[in-house]
1. Only one residue in Thr186, Thr137 is of a type in the set (Val, Ile, Thr) and open to solvent by 30 Å² or more (accessible area, probe 1.4 Å). Which one?
2. Based on this model, can you work out whether Met217 counts as under 16 Å from Phe262 (Cβ atoms), of a type in the set (A, V, I, L, M), surrounded by 20 or more Cβ atoms within 10 Å (Cβ to Cβ) and out of contact with any helix residue (DSSP H, G or I) (no Cβ under 8 Å at 6 or more places or on another chain)?
3. Given the conditions (1) within 25 Å of the chain's Cα centre (by Cα); (2) aliphatic (A, V, I, L, M); (3) modelled with pLDDT under 95, and given that Leu438 satisfies all but one, which numbered condition is not satisfied?
4. Do you know which residues across the range 94-105 are closer than 11 Å to Ala126 by Cβ and either open to solvent by 60 Å² or more (accessible area, probe 1.4 Å) or among the hydrophobic types (A, V, I, L, M, F, W, C) (or both)?
5. State which residue is farthest from Thr118 (Cα to Cα) when the search covers only the range 235-270 and only residues that are in contact with a helix residue (DSSP H, G or I) (Cβ under 8 Å, 6 or more places away or on another chain) and among the β-branched types (Val, Ile, Thr).
6. Check Asp468, Asp479 and return the single one that is of a type outside the set (Gly, Ala, Ser) and closer than 20 Å to Ala431 by Cβ.
7. Restrict the check to the range 106-122 and report whether at least one residue is assigned to a helix (DSSP H, G or I), touching a helix residue (DSSP H, G or I) at 6+ places or on another chain (Cβ under 7 Å) and open to solvent by 10 Å² or more (accessible area, probe 1.4 Å).
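The values are calculated or read from the model by the stated rules, or taken from the named source; none is laboratory data. Everything quoted here is computed from the prediction, not taken from an experiment. Because the Cβ atoms are built from the backbone with ideal geometry, glycine has one as well, and the counts that use them run over all protein chains shown. We work out accessible area using only protein heavy atoms, side chains counted, and drop any ligands, DNA or RNA first. Shrake-Rupley method; radii C 1.70, N 1.55, O 1.52, S 1.80 Å.
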Amino acid sequence: MSGTFVGMPAFPVAAREAVGDATLRGNLRHATHTIRAKRATAVAEVSDWAELREAGRRIKDHTLRRLDRYLVRLEESVTAAGGTVHWAADAGEANRIVTGLVRATGASEVVKVKSMATQEIGLNEALEAAGIRAYETDLAELIVQLGRDRPSHILVPAIHRNRGEIRDIFRREMGGWGRPAPEGLTDSPAELAEAARLHLREKFLRAKVGISGANFMVAETGTMVVVESEGNGRMCLTLPETLISVVGIEKLVPTWRDLEVFLQTLPRSSTAERMNPYTSTWTGTTDRDGPRAFHLVLLDNGRTDTLADAVGRQALRCIRCSACLNVCPVYERAGGHAYGSVYPGPIGAILSPQLRGTASEIDASLPFASSLCGACYEVCPVAIDIPEVLVHLRERVVEGGPVIRRGDKVVLKPAKGHAAERAAMRAARWALLRPGALRTGQRLAARTRRWHPRTVPGPGRAWSAGRDLPAFPAEPFRDWWRRTDGGKDTR
């Protein structure tokens, strides 16, 4: 991945500041509670949801195990349909490819449908450096762009903004990007949506180049699939003369039949709809219909390295539904910006450190940005065991060890700041391997319990700042078992 958000501190520091913002917390609480309640209702309508979830998991795992084969088939299908495939190993290469393609058309501006892959590689910034202006057309992305902000949610990038803030952004900024906001604009949702529609209409009709991502790619036919709710995607995909799609290599499914599963689970898990209002599919180019040139940029950018991790690779199943964010107690309080990545929340806590590595302070902190409550796993429509991967990555950060980086095997050094934790784990291992020492320690702890502090001093203060130490029982379990004859004598 490209670098972290400029100037972002480690998650605990950023989260502490976010938690102190009452407006932000109120916006997040209202939005996430509303979305997850609607999702629960939509999922409950499906009698075979568990079977669909398992089918999605199996399809994704099958595809990832044979990704090399299906990617070659995808390239053959796209080429046969009149498209051109480009391979990008990292963000820099992807940006150079896209910038070159736009320059070749002579265009100085592009319209974009929401794409997390292009945010991941910093495409807008790369285009701007080349003198090309990119216009976001998704309503929430437009709000973020006009506000010179960053996305904070996978599905609703402007979830941290309320209606009053959006009205002020439109009034202040729209004129500098094109058609200004109407006079007397209020914070009515209908008026805000109409202002955005009028602002974007001229850009749709003028643009010669469109840039998209894709929710899925079908290897069998070379078909790209975008699901959205506003219609802006349909405009970006059909009106421009040239369409460039930047898609992560993990978005692949083998066949149209496989796609059927995800078109049932994705809308219910994301927007709580039975199906998305707009499901757009396109295969290469056709005469008299849609763009005359189609380019597919297949993005690796750390995905192959992630695939090499037997535990961590399940993060590549993600279909970007955002269900895990909406149930996460940490995300609800800290918001998306604290994660320092375009992928916030639980999925970001396991995906970003694998795509970018754990060398930076913020990436090393992300696996710890969780209570491990497991709610994210319960709602995931492709059964990603996020808590399992979090624990796996925590071990990598604390202990170091071999990983794959850019296709090469390297050995990570243990992260700084975890010496006390490593010492505690070594002491625990020593005691657990020696029953006599463990028994003596338990009896000593029980007899001195009245002098035990409620918080941990020294390096343990961070752990006990939000919780009390558990109270020690009056006697060790072994003594109780012996005294009561295995619980039979309770006198």
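1. On the way: Thr137 fails: open to solvent by 30 Å² or more (accessible area, probe 1.4 Å).
Among Thr186, Thr137, only Thr186 is of a type in the set (Val, Ile, Thr) and open to solvent by 30 Å² or more (accessible area, probe 1.4 Å).
2. Details: under 16 Å from Phe262 (Cβ atoms): yes; of a type in the set (A, V, I, L, M): yes; surrounded by 20 or more Cβ atoms within 10 Å (Cβ to Cβ): yes; out of contact with any helix residue (DSSP H, G or I) (no Cβ under 8 Å at 6 or more places or on another chain): no.
So Met217 does not fit the description; no.
3. The number of the failed condition is (1).
4. Correct list: Ala94, Arg96, Ile97, Val98, Val102.
5. Val261
6. Working: Asp468 fails: closer than 20 Å to Ala431 by Cβ.
On inspection, the qualifying residue turns out to be Asp479.
7. The answer is no; no qualifying residue exists.
To keep it simple, each residue is scored yes or no on (1) farther than 21 Å from Asn124 by Cα; (2) in a helix (DSSP H, G or I); (3) of a type outside the set (A, V, I, L, M, F, W, C); (4) open to solvent by less than 70 Å² (accessible area, probe 1.4 Å).
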| site | (1), (2), (3), (4) |
| --- | --- |
| Ala15 | yes, yes, no, yes |
| Leu28 | yes, yes, no, yes |
| Ala55 | yes, yes, no, yes |
| Arg58 | yes, yes, yes, no |
| Asp61 | yes, yes, yes, yes |
| Arg73 | yes, yes, yes, no |
| Gly82 | yes, no, yes, yes |
| Gly92 | no, yes, yes, yes |
